[in-house]
Amino acid sequence: VCRWMADPNELGVSALKRLAKYLIGKPRLLWHYRWQQHIELDTYSDTDWAGCIRTRQSTSGGCIMLGKHVVESWSSTQSSTTLSSAEAELYALLKGAAQTLGLVSMAADFGDTLQGGLWSDASAAIAISQRSGLGKLTNIQTQYLWPRQRVSAKELKLNKVLSTANPADMLTTRLANAE
């Protein structure tokens with residue numbers, strides 16, 4: 001629904017009406033944050049490669065968690081059309097890395113030290129971000145390789161998560177119609 005806010009059309013209005021009909025009669029949602037001690041930000045990222053039927057662009061999704069608390073989440077269409085799922089997953093990982101480093105920097109401004117951890121279910125994106133040199137990469141622009149420096153400097157940790165355990169998956173996967 002948010003994709004059509006900048007340039008509304010009948011399809012967007014139809015989707016908005018469908019969402020409103022779904023929300024009618026649903027109870028309100030309350031977030032209760034319990035006190036916890038945690039010093040690591042866990043950022044989960046995922047991509048729905050070429051998921052947009054009209055443009056064939058990928059959707060990136062991610063969430064940043066401080067312990068069990070979600071402190072930031074996003075779901076957005078990638079600006080470029082990617083040629084492979086590995087490239088799309090790398091771009092999602094890059095966005096997660098940038099968001100994580102921003103929150104680590106903000107925490108440092110408040111006098112708190114946080115460690116950033118990136119979690120992805122894409123082995124290819126993790127491998128690209130950990131290796132030195134380009135290897136067999138042909139379509140990736142060098143401006144997208146900056147996380148390697150942050151990983152080698154131990155500013156970010158890269159971790160593998162199963163697709164079934166990745167909370168960012170719900171930000172990229174379309175729900176089935178309940179008919």
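The values are calculated or read from the model by the stated rules, or taken from the named source; none is laboratory data. Quick caveat, the model's predicted, so the values are computed rather than measured. Note: ideal-geometry Cβ built from the backbone for every residue, glycine included; neighbour counts use all protein chains shown. These accessible areas exclude ligands, DNA and RNA; they are computed on the full protein's heavy atoms, side chains included. Shrake-Rupley method; radii C 1.70, N 1.55, O 1.52, S 1.80 Å.
General observations
- Percentage relative contact order, the stretch 31-92, counting C-alpha pairs under 8 Å, at least six apart: 32 percent
- Sulfur and carbon atoms: percent of accessible area, the chain [1.4 Å]: 57 percent
- Estimated distance in nm for a label pair at Met106 and Thr173, the labels positioned 7 Å out from Cα along Cα-to-Cβ: 2.8 nm
- Per residue, the convex hull volume that the Cα atoms of the chain enclose (Å³): 156 Å³
- Antiparallel bridges, percent of DSSP beta bridges restricted to the chain (to nearest 5): 60 percent
- Exposed-loop-free span, longest in the chain, where trypsin sites (Lys or Arg not before Pro) count as exposed if DSSP calls them loop and at most 14 other C-beta atoms lie within 10 Å: 69-130
- Cβ-based charge dipole, the chain, positive-most Cα from Gly102, Thr164, Gln78: Thr164
- Remark: spin-label model distance Gln143-Ala6 equals 1.7 nm, labels positioned 7 Å along the Cα→Cβ axis.
- Dividing the mean sequence gap of close Cα pairs (under 8 Å, 6+ apart) by how many residues the stretch 39-137 holds gives a relative contact order of 32 percent.
- The chain, accessible area per residue, ligands and nucleic acids excluded (1.4 Å, Å²): 67 Å²
- Value of relative contact order over the chain, rounded to a whole percent, pairs C-alpha under 8 Å and six or more apart: 23 percent
- Net length available on complete extension from Lys26 to Ser76 is 15.4 nm, with 0.36 nm assigned per residue and the Cα-Cα distance removed.
- Restricting attention to the stretch 1-142, the count of lysine pairs at 8 or more positions apart or across chains with alpha carbons under 30 Å apart stands at 4.
- For a modelled paramagnetic label at Gln130, 7 Å from Cα along Cα-to-Cβ, the residues of the stretch 39-67 in reach, with backbone nitrogen under 20 Å, are 41-47.
- Size descriptors for the stretch 6-82, from the alpha-carbon set: Rg then Dmax equal 17.0, 48 Å.
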